[in-house]
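For reference, the structure is listed below as structure tokens.
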Amino acid sequence: MGLITMSERDLQRIEVLSKVIAGRQTLASAAHVLDLSTRQVRRLLNRIRLDGAASIRHKAIGMPSNNRIIDGVKDYAMVLVRERYADFGPTLAAEKLDARDGLHVSRETLRGWMVEAGLWLSRKQRRTFHQPRLRREAFGELVQIDGSDHRWFEGRGPACSLLVFVDDATGRLMELRFVRSESAFTYFEALGHYLKRHGTPVAFYSDKHSVFRVAKKDARGGQGMTQFGRALCELNIEILCANSSQAKGRVERMNRTLQDRLVKELRLAGISDMETGNAFLPRFMADYNRRFAITPARPEDLHRPLNLTPKRLRDILCKREQRYVGSQLTFSFERQRIMLEETEVTRGLVGRYVETYAYADGQLDVRWKGHSLPYRVFNKDQRVTHAAITENKRLSDVLAYIKAQQDQPVAPDVKTNSAKNGYKPRGGKPGRRTDFIHDPAVIARRQKVLSRQGPSEPTSMR
């Protein structure tokens, strides 16, 4: 007869029914144990007596389903998927098969067929694993930096970003600073506080934000690095960009921790603005580091002393660009026209490049070979460019600026029909103005026109 596979339920039924046949168990107790009716137990007993224990198995085992999809439909569907929807997901492919080809197949059935054919990977198969990275061995060897946009003051104040500096070896909070949004100037400000407090580390580890990395591979202008990267190069600090958020997981997990702990600490302290929050952060960092920082594998501190004057550090932590001076001693900068004052030095700068130093406080310094040049701003314009490309991390700051501009009342420019048609007034004529009411020539022309129209009925005035 061969080998017959049975489920545990079938084996249990055979065991109980064998006891009933042997007289060691009653029919009622067998029905109670098997959770069946006595009538069904009698049927099973008759089946065992006639065909043996193998007849207990369900008759549909090994038989094709009555609701099965025939192989021809499956083959036809997979041919269509391979030819037209090879890069589609199962849900979209099922929708297109139904809408375009008139073939209705459920999403999950098509998913199984595509997995079997190697056209789709399950979520488990698509999962990627990131190799864990050990901490650096010394303090100051690698510092992870990132910005976290969050409702730090909950409903008590506006949303803002928190710049986070975390040492990789010890997990210490090195610098925290509330800013409106992530930008080169806000990172310059946070970096200045970090350098004055700790010195210069070996390297920073960040994401691929445009503050740290030039997004365009074929960028023509500049030196292949951002303003922040140029400043770190002058400070002899390396900048490394992570290829994924998991690679800099230490600062990402710190952001999640701060969004829980720091938010509640700010609530308990009653802080609702960035200025008060920044004053509170050093005390919070000291308490956090005392409780949670760990000892590094090597005891030495790799931070180097900052041997720079405040003026030199200010010139490094700014935006520096070169601008071409035109024939009128002017150049463009940030949607503004800068006009150099005419001096003996500036007369020879036509056709040359000057260097601009833009600071976080809005001050602009124009220099030529290290000497400051006098200038004035011409045709100042601070509008946001229509359809300007705005990064996600600067969106809140840009929208706040746009809203402030829109809240300013602007008088509407209402044009007359003559102005819409292109009429331009030429101004008043010289001499005395003509009195069109009592002018004899005008009265004669008016009477002539009225006489041509014919007599009209007199109207009585009351």
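The values are calculated or read from the model by the stated rules, or taken from the named source; none is laboratory data. Please read these numbers as outputs of a predicted model, since none were measured by experiment. Virtual Cβ from ideal backbone geometry, glycine too; neighbours counted across all protein chains shown.
Listing for the model above:
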{"quantity": "Trp113 assigned to a helix (DSSP H, G or I) and either of a type in the set (Phe, Trp, Tyr) or surrounded by fewer than 15 Cβ atoms within 10 Å (Cβ to Cβ) (or both)", "calculated": "yes"}
{"quantity": "Matching option when the condition is modelled with pLDDT under 85, assigned to a helix (DSSP H, G or I) and of a type outside the set (S, T, N, Q), among Ala54, Ala93, Ala77, Ala60", "calculated": "Ala54"}
{"quantity": "Residue within the range 137-147 that is at pLDDT 90 or above, aromatic (Phe, Trp, Tyr), more than 25 Å from the chain's Cα centre (by Cα) and not in a loop (DSSP other than H, G, I, E, B) present", "calculated": "yes"}
{"quantity": "Tabulated pairs, the range 26-48, first under 16 Å from Gln12 (Cα atoms), second assigned to a loop (DSSP other than H, G, I, E, B), C-beta under 7 angstrom, 6+ apart or interchain", "calculated": "Ala31/Ser37"}
{"quantity": "Odd one out for Leu11 among (1) buried (at least 16 other Cβ atoms within 10 Å of the Cβ); (2) within 18 Å of Ser55 (Cβ to Cβ); (3) aliphatic (A, V, I, L, M)", "calculated": "(1)"}
{"quantity": "Condition check for Ser37: in contact with a helix residue (DSSP H, G or I) (Cβ under 7 Å, 6 or more places away or on another chain) and of a type in the set (Ser, Thr, Tyr)", "calculated": "yes"}
{"quantity": "Answer from Leu308, Leu281, Leu266, Leu313 - the residue that is buried (at least 17 other Cβ atoms within 10 Å of the Cβ), out of contact with any helix residue (DSSP H, G or I) (no Cβ under 6 Å at 6 or more places or on another chain) and not assigned by TED's automatic domain parsing to the domain that holds Gly229", "calculated": "Leu313"}
{"quantity": "Pair list, Cβ < 6 Å and 6+ apart or interchain, from the range 215-235 residues that are more than 19 Å from Thr356 (Cα to Cα) to residues that are among the hydrophobic types (A, V, I, L, M, F, W, C) and at pLDDT 55 or above", "calculated": "none"}
